[in-house]
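The values are calculated or read from the model by the stated rules, or taken from the named source; none is laboratory data. This structure is a prediction, so every number in the text was calculated from the model and none was measured. Note that we place each Cβ from the backbone using ideal geometry, even for glycine, and neighbour counts take in every protein chain shown.
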């Protein structure tokens with residue numbers, strides 16, 4: 001039975017009568033649906049000993065292949081308060097070094113990140129309720145945070161941290177924003193006044209004075225006369241206004257406008273560093289927030305105080321913070337906007353122009369799920385993408401990859417002769433794929449593999465150079 005149907009059945013079923021029923025009839029049933037073999041000691045343990053000598057036992061441990069437990073789950077009877085068991089479970093999970101732990105009545109699930117360096121009660125990142133939550137969202141959350149594949153490859157913890165950080169950011173904003181807004185208006189913050197002035201000019205062709213803007217923000221009468229329009233010249237030459245990440249492909253950055261000021265740059269690297277320097281000038285001691293900007297599945301930080309973490313780096317002024325500067329145009333574009341939005345600036349505050357560069361024809365590397373891979377040929381790119389899919393989808397890789405075929409030939413097979421020109425084996429699977437393709441066809445084939453496994457084609461960003 002699919003997970004969706006199982007959850008629907010549990011919604012309408014009576015509550016489990018006790019803790020054992022919750023553990024066996026609901027929790028175990030759900031875990032089986034998201035990839036765990038609950039009959040296998042290698043994957044699933046009941047009454048798992050924790051805390052060493054003088055410790056205790058946790059109802060369920062989900063086991064990794066080599067590292068022991070990757071998640072702990074403590075079952076409680078429906079109706080029992082869960083908050084009285086948080087400290088003990090999270091403490092055990094922290095000492096065991098597991099990625100995620102959960103308190104569950106079978107109906108309600110409290111999920112925690114035990115390794116986070118915050119008080120125990122702040123390590124909870126999700127509360128799921130089978131009775132109340134939308135089934136589609138519930139199924140997605142259970143797979144994301146407790147699914148076997150995601151726990152084994154670290155994706156569950158990374159996604160949990162994103163949720164936890166987002167919640168903390170929301171609490172901070174709710175607490176601080178009203179006072180910041182009052183101070184910005186009362187202190188005539190230059191960035192705020194410039195942004196409002198520009199937006200008014202874009203819509204009505206008039207430049208309001210600072211007094212007019214402040215009066216409007218304070219809901220007071222406007223009494224002065226608007227200033228005449230001030231023209232702004234476009235960037236020199238035949239430059240292209242880049243409006244999205246997708247439009248950055250094949251474009252080299254040449255200029256950008258931020259807070260109404262235009263800056264000329266030589267390339268994407270210079271643009272990203274200059275944007276960061278402008279943020280450093282404006283936000284001073286708060287600039288360390290740039291270290292919090294992360295990407296999905298990204299093992300290499302976007303910004304760090306340790307230059308040894310980065311293959312290619314540039315320091316932001318004298319801040320002691322270094323930026324990663326080895327990436328595709330797509331990534332440079334996205335990171336520039338991620339940086340300004342981290343400091344509360346809207347996307348409209350930054351506009352970027354560039355010029356089209358010669359169409360390259362040989363790959364030098366690619367980014368996939370936040371990881372950068374160097375390659376020397378289109379054939380290597382295809383096989384590396386397929387190997388990445390194999391690492392992420394081991395349990396269903398063979399079944400899915402062998403479904404693909406073209407009009408006249410299989411795309412993947414256990415027989416080399418089925419593939420034709422230049423077959424390559426995927427890791428040690430005994431499955432071969434076609435790699436002898438030209439540039440555009442090879443990239444298209446790699447993206448088709450991603451799409452077939454349920455990933456957006458835009459997850460793959462390819463770096464190239466002219467031959």
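Considering 191, 237, the condition of being surrounded by 14 or more Cβ atoms within 10 Å (Cβ to Cβ) and either assigned to a loop (DSSP other than H, G, I, E, B) or at pLDDT below 80 (or both) is satisfied by 191 alone.
For the stretch 61-70, the condition holds for no residue, the condition being that it is at pLDDT 90 or above and over 29 Å from residue 167 (Cα atoms).
Return the only residue of 403, 398 being assigned to a helix (DSSP H, G or I) and over 24 Å from the mean Cα position of the chain (by Cα).
Details: 403 fails: assigned to a helix (DSSP H, G or I).
Going through 403, 398 in turn, the sole match is 398.
When you look at residue 157, is it without any contact (Cβ under 8 Å) to a residue 60 or more places away in the chain and either assigned by TED's automatic domain parsing to the domain that holds residue 123 or not in a helix (DSSP H, G or I) (or both), yes or no? It would help to see each step written out before you state the result.
On the way: without any contact (Cβ under 8 Å) to a residue 60 or more places away in the chain: yes; either assigned by TED's automatic domain parsing to the domain that holds residue 123 or not in a helix (DSSP H, G or I) (or both): yes.
Judged against the criteria, residue 157 is a match.
Do we have residue 54 as surrounded by fewer than 21 Cβ atoms within 10 Å (Cβ to Cβ), modelled with pLDDT under 90, in contact with a strand residue (DSSP E or B) (Cβ under 9 Å, 6 or more places away or on another chain) and not assigned by TED's automatic domain parsing to the domain that holds residue 394 here? Judged against the criteria, residue 54 is not a match. The set of residues from the stretch 393-406 being out of contact with any strand residue (DSSP E or B) (no Cβ under 6 Å at 6 or more places or on another chain) and surrounded by 18 or more Cβ atoms within 10 Å (Cβ to Cβ) comprises 393, 397.
When the stretch 450-467 is examined, which residues are found to be in a loop (DSSP other than H, G, I, E, B) and surrounded by 13 or more Cβ atoms within 10 Å (Cβ to Cβ)?
The first filter runs over the stretch 450-467 and keeps only residues in a loop (DSSP other than H, G, I, E, B), leaving 453-456, 466-467.
453, 455, listed by residue number.
Scanning the stretch 412-449 for residues that are under 29 Å from the mean Cα position of the chain (by Cα), crowded, with 18+ Cβ neighbours inside 10 Å and in a loop (DSSP other than H, G, I, E, B) turns up just one, 426.
Residue count for the stretch 1-23, restricted to those that are under 34 Å from the mean Cα position of the chain (by Cα), farther than 15 Å from residue 82 by Cβ and assigned to a helix (DSSP H, G or I): 9.
Name the residue, out of 178, 221, that is outside the structural domain of residue 369 (by TED's automatic domain parsing), assigned to a loop (DSSP other than H, G, I, E, B) and farther than 30 Å from residue 42 by Cβ. Walk me through how you get there before you give the answer.
Values: 178 fails: assigned to a loop (DSSP other than H, G, I, E, B).
Unique residue meeting the criteria: 221.
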